[in-house]
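A.B. asks: Structure in C-alpha cells, see below.
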Amino acid sequence: MDCFVVEGGRPLAGTVRAAGSKNAVLPLMAAALLPEGETRLERVPRVRDVTTLTELLRSLGASVESGVPGMLRIQAPAEGPTEAPYEVVRRMRASVCVLGPLLARRGRARVSLPGGCVLGVRPIDLHLKGLAALGARIQVEHGTVAAEAPPGGLRGGRVFLSGPQGPSVLGTANVLMAAVLARGVSVLDGVALEPEVQALARFLTDCGARIEGIGSPRLVVEGVEALEGRSVRVPPDRIETGTLLLAGALTGGRVRVEDCRPGELVALLDLLERAGVPLRTEEGPDGGGAVEVRPWERRPRALDVTTRPWPGFPTDLQAQWMAFCTVCEGLALVTETVYPDRFLHVAELNRLGAAIRRSGPTAVVLGPAQLSGAPVLASDLRASACLVLAGLAARGRTTVRRVYHLDRGYEDLDARLRGLGAEVRREPDPEAP
Ligand code: UD1
C-alpha cells in the first residue's frame, strides 16, 4: 500500500491537461453491453475504477481490448453471464450500472447490493423502482438483486427518479440504458442532469437510441430493437479539473487546466471569483477550453457553499473546497445536501491545524488557519484529494496514507502535481499492514 508524501508551502505553477472523466467513462463502459457491434472509447482515464469495470465486463463475456493508450474497444455478445458478484461490487459501487444494460439485452441480471460506504447509506431503491416500472420482476435476497425482464422483454413505462436527496445519477443511467431497448415509450421524470448523464444519453442516441429531452428533467425514450456500436470520446473530468484549480488557488499559485469544459464548472468558478481568486476562462464554441487561476495578492475570503445536484456545487468537490476555505479569511459554512454524512475529512483537516466544527450536515470552517504537515488518513476518493491539497498549503511534511482511494479516480495525481511544481512523492507506506 502506498502513501503520498507532500512537502508543502510552495505555490503551484504550470499547465496541465484534464484527464477523461471517471464518472462519465464508467456508465459509457456499461453501456457498451448494449450494442451489437463494437464500442470504441477514447480518452479513457488510467484509473483503477476503469480496471475494475473492465474486469467485470470481461466476466460478463465482453471482450475489452486496450491496445492504444487511452482507448478501449468493447464488444459484448447478446448471450452470456448475467451476474455481477459481491467481490467486484464491493470494490466499486458503480458496478451497479451493469444492471440496466444486462436486463435490457440479456433479459436478466443479478447484481450484489453495494451496501453503504464512507459517504453514508447509499441505497439503490430508485434504480430498482425505475427498472420495475419497465416491467422487470425484482427480488432482493441474500444481499443480491435479481432482476428479470417479462417474457418478450422490457416494456416502456413511466417513472420519477428523484428521492429525498434529489435525482440519482447512476439510477438515471441505469434506467435510461434499460429503456432504450424496451418495447414502447418510457417517460423518465426527475432525472439527473449531470453532464456525465447527458454524455451517456448522447452516446446512446449516436448508437441509434431515440431519446428526447437530453439535458432536461424529463427524458422521453422510444425503445428500439437494437443498437449499433459507435466511437465516443470521454468528456474531460470536471471534478479533477476543479481539484487542480483549487490546488492552485489554495497555494496562491498559477494553475492552468487545458482541454477542460469551463461551462461544466460554473458553480465552482463563480465561488472562486467571488472569493477573490483571479481567474481567466477561455471557452470555444464547442464548450471546450481552459481555465487558469492566478496568484492572489489579498487573501481570498471564505464563502459558504451548499452541495446540490447539477448545476449546483458538486458534492464531489465539497472536501476540496473545505481545504481551500481553511486558508481563506473568515468563516464559511459548508453544507452537504447530497450525502449529509460526507465529512470524514474534517477530523483529518483539523489534525493539519484547520479549525472546523461539524454540526449535522454543516461544517463551519474558520480561517485562515496556519496549516502544518502531519500524517493523515484518507477515507474516500475526494477526501484523499482534499488532504493532498491541504498538505500542499501546509508548512512541512504531510503523509497521506491509503492513497489507493486516490488511484480509484485520479490519473497519476502525484505526477500531475509534480508537473505543477509541487513536491509530492508516492512511497510504499511503511506503516501499512
Ligand atoms: C454519482 C457519482 C458520485 C457522486 C454522486 C452524486 C459516479 C460513478 N458516481 O454516484 O461520484 O458523488 O453521483 O453526484 O458517477 N439515492 C437514493 N436512492 C437511490 C440512489 C441514490 O436515495 O436509489 C440518494 C443517495 O443516497 C444520495 C443521492 O441520492 O443521497 C445521490 O446519489 P446518486 O446520484 O445515486 O449517486 P451515484 O449515482 O451513486
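A.B. asks: Could you tell me which of the residues LEU204, LEU188 is in contact with a helix residue (DSSP H, G or I) (Cβ under 7 Å, 6 or more places away or on another chain) and in a strand (DSSP E or B)? Don't jump to the end; show me each part of the working.
C.D. replies: Values: LEU204 fails: in a strand (DSSP E or B).
Going through LEU204, LEU188 in turn, just one is in contact with a helix residue (DSSP H, G or I) (Cβ under 7 Å, 6 or more places away or on another chain) and in a strand (DSSP E or B): LEU188.
A.B. asks: Next up: Can you find, within the stretch 367-393, the residue that is surrounded by the fewest Cβ atoms within 10 Å (Cβ to Cβ) among those that are within 16 Å of the ligand (Cβ to nearest atom) and not in a loop (DSSP other than H, G, I, E, B)?
C.D. replies: Per the stated criteria, the residue is LEU381.
A.B. asks: Just to verify a result, which residue in the stretch 16-33, among those that are closer than 16 Å to VAL197 by Cβ and among the hydrophobic types (A, V, I, L, M, F, W, C), is farthest from the chain's Cα centre (by Cα)?
C.D. replies: ALA31
A.B. asks: For the stretch 156-185: of the residues being in contact (Cβ under 8 Å) with a residue 60 or more places away in the chain and assigned to a strand (DSSP E or B), which is surrounded by the fewest Cβ atoms within 10 Å (Cβ to Cβ)?
C.D. replies: GLY166
A.B. asks: If you don't mind, another one. If you go through the stretch 104-117 one residue at a time, do you hit one that is surrounded by fewer than 16 Cβ atoms within 10 Å (Cβ to Cβ), touching a residue at least 60 places away in the same chain (Cβ under 8 Å) and within 15 Å of the ligand (Cβ to nearest atom)?
C.D. replies: Within the stretch 104-117 (the criterion being surrounded by fewer than 16 Cβ atoms within 10 Å (Cβ to Cβ), touching a residue at least 60 places away in the same chain (Cβ under 8 Å) and within 15 Å of the ligand (Cβ to nearest atom)), the answer is yes, since at least one residue qualifies.
A.B. asks: Right, another one. Just to be sure before I move on: is LEU193 of a type in the set (A, V, I, L, M), within 16 Å of the ligand (Cβ to nearest atom) and touching a Ser or Thr at 6+ places or on another chain (Cβ under 8 Å) in the structure I sent?
C.D. replies: yes
A.B. asks: Right, another one. So is LEU227 within 16 Å of the ligand (Cβ to nearest atom), surrounded by 19 or more Cβ atoms within 10 Å (Cβ to Cβ) and either in a helix (DSSP H, G or I) or more than 17 Å from the chain's Cα centre (by Cα) (or both) or not?
C.D. replies: For LEU227, the condition - within 16 Å of the ligand (Cβ to nearest atom), surrounded by 19 or more Cβ atoms within 10 Å (Cβ to Cβ) and either in a helix (DSSP H, G or I) or more than 17 Å from the chain's Cα centre (by Cα) (or both) - is not met.
A.B. asks: Moving on. Can ILE239 be described as within 30 Å of GLU292 (Cβ to Cβ) and either buried (at least 18 other Cβ atoms within 10 Å of the Cβ) or in contact (Cβ under 8 Å) with a residue 24 or more places away in the chain (or both)?
C.D. replies: Against the criterion (within 30 Å of GLU292 (Cβ to Cβ) and either buried (at least 18 other Cβ atoms within 10 Å of the Cβ) or in contact (Cβ under 8 Å) with a residue 24 or more places away in the chain (or both)), ILE239 qualifies.
A.B. asks: While we're looking at this one, here's another question. Could you grab me the full set of residues in the stretch 30-73 that are hydrophobic (A, V, I, L, M, F, W, C) and free of Cβ contacts under 8 Å to residues at least 60 places away in the same chain?
C.D. replies: VAL50, LEU53, LEU56, LEU57, LEU60, ALA62, VAL64, VAL68, MET71, LEU72
A.B. asks: Under the condition of being within 19 Å of the chain's Cα centre (by Cα) and at pLDDT below 95, which residue from the stretch 56-95 is surrounded by the most Cβ atoms within 10 Å (Cβ to Cβ)?
C.D. replies: Here the answer is SER95.
A.B. asks: Do any strands (runs of 3 or more DSSP E) lying entirely in the stretch 245-336 carry at least 1 residues that are more than 24 Å from GLY421 (Cα to Cα) and either away from the ligand (no atom under 16 Å from the Cβ) or aliphatic (A, V, I, L, M) (or both), and which ones are they?
C.D. replies: In the stretch 245-336, 279-283, 330-335 are the strands (runs of 3 or more DSSP E) which contain 1 or more residues that are more than 24 Å from GLY421 (Cα to Cα) and either away from the ligand (no atom under 16 Å from the Cβ) or aliphatic (A, V, I, L, M) (or both).
A.B. asks: Being within 21 Å of VAL25 (Cβ to Cβ) and not assigned by TED's automatic domain parsing to the domain that holds HIS405 is true for just one of PRO85, PRO101, PRO81. Which residue is that?
C.D. replies: Sole residue among the options that is within 21 Å of VAL25 (Cβ to Cβ) and not assigned by TED's automatic domain parsing to the domain that holds HIS405: PRO101.
A.B. asks: If you go through the stretch 347-358 one residue at a time, do you hit one that is free of Cβ contacts under 8 Å to residues at least 12 places away in the same chain, more than 16 Å from the ligand (Cβ to nearest atom), closer than 24 Å to LEU406 by Cα and out of contact with any Phe, Trp or Tyr (no Cβ under 9 Å at 6 or more places or on another chain)?
C.D. replies: Checking the stretch 347-358: at least one residue is free of Cβ contacts under 8 Å to residues at least 12 places away in the same chain, more than 16 Å from the ligand (Cβ to nearest atom), closer than 24 Å to LEU406 by Cα and out of contact with any Phe, Trp or Tyr (no Cβ under 9 Å at 6 or more places or on another chain).
Residues are listed down the side, and each one gets a yes or a no for (1) surrounded by 16 or more Cβ atoms within 10 Å (Cβ to Cβ); (2) within 13 Å of the ligand (Cβ to nearest atom):
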| site | (1), (2) |
| --- | --- |
| GLY37 | no, no |
| ARG40 | yes, no |
| VAL44 | yes, no |
| LEU53 | yes, yes |
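A.B. asks: Follow-up. Could you list all residues from the stretch 1-42 that are farther than 22 Å from CYS207 by Cβ and of a type in the set (Val, Ile, Thr)?
C.D. replies: VAL5, VAL6, THR15, VAL16
A.B. asks: Could we say that LEU245 is modelled with pLDDT of 95 or more, out of contact with any Pro (no Cβ under 9 Å at 6 or more places or on another chain), buried (at least 24 other Cβ atoms within 10 Å of the Cβ) and not aromatic (Phe, Trp, Tyr) here? Lay out the reasoning, then the answer.
C.D. replies: On the way: modelled with pLDDT of 95 or more: yes; out of contact with any Pro (no Cβ under 9 Å at 6 or more places or on another chain): yes; buried (at least 24 other Cβ atoms within 10 Å of the Cβ): yes; not aromatic (Phe, Trp, Tyr): yes.
Taking the combined requirement at face value, the residue satisfies it.
A.B. asks: Moving to a separate point now. With (1) away from the ligand (no atom under 12 Å from the Cβ); (2) in a loop (DSSP other than H, G, I, E, B); (3) not hydroxyl-bearing (Ser, Thr, Tyr) as the list, and ALA146 as the residue in question, which single condition is left unmet?
C.D. replies: Single failed check for ALA146: (2).
A.B. asks: Checking GLU7 against (1) in contact with an Asp or Glu (Cβ under 8 Å, 6 or more places away or on another chain); (2) assigned to a helix (DSSP H, G or I); (3) surrounded by fewer than 24 Cβ atoms within 10 Å (Cβ to Cβ), which single condition isn't satisfied?
C.D. replies: So the condition that GLU7 fails would be (2).
A.B. asks: Select from the stretch 5-28 the residues that are within 16 Å of the ligand (Cβ to nearest atom) and among the aliphatic types (A, V, I, L, M) and list them in ascending order.
C.D. replies: The answer is ALA19, ALA24, VAL25, LEU26, LEU28.
The values are calculated or read from the model by the stated rules, or taken from the named source; none is laboratory data. What you see is a predicted model; the values in this text were computed from it and never measured. Here the Cβ is made from the backbone with ideal geometry for all residues, glycine too, and neighbour counts use every protein chain on show.
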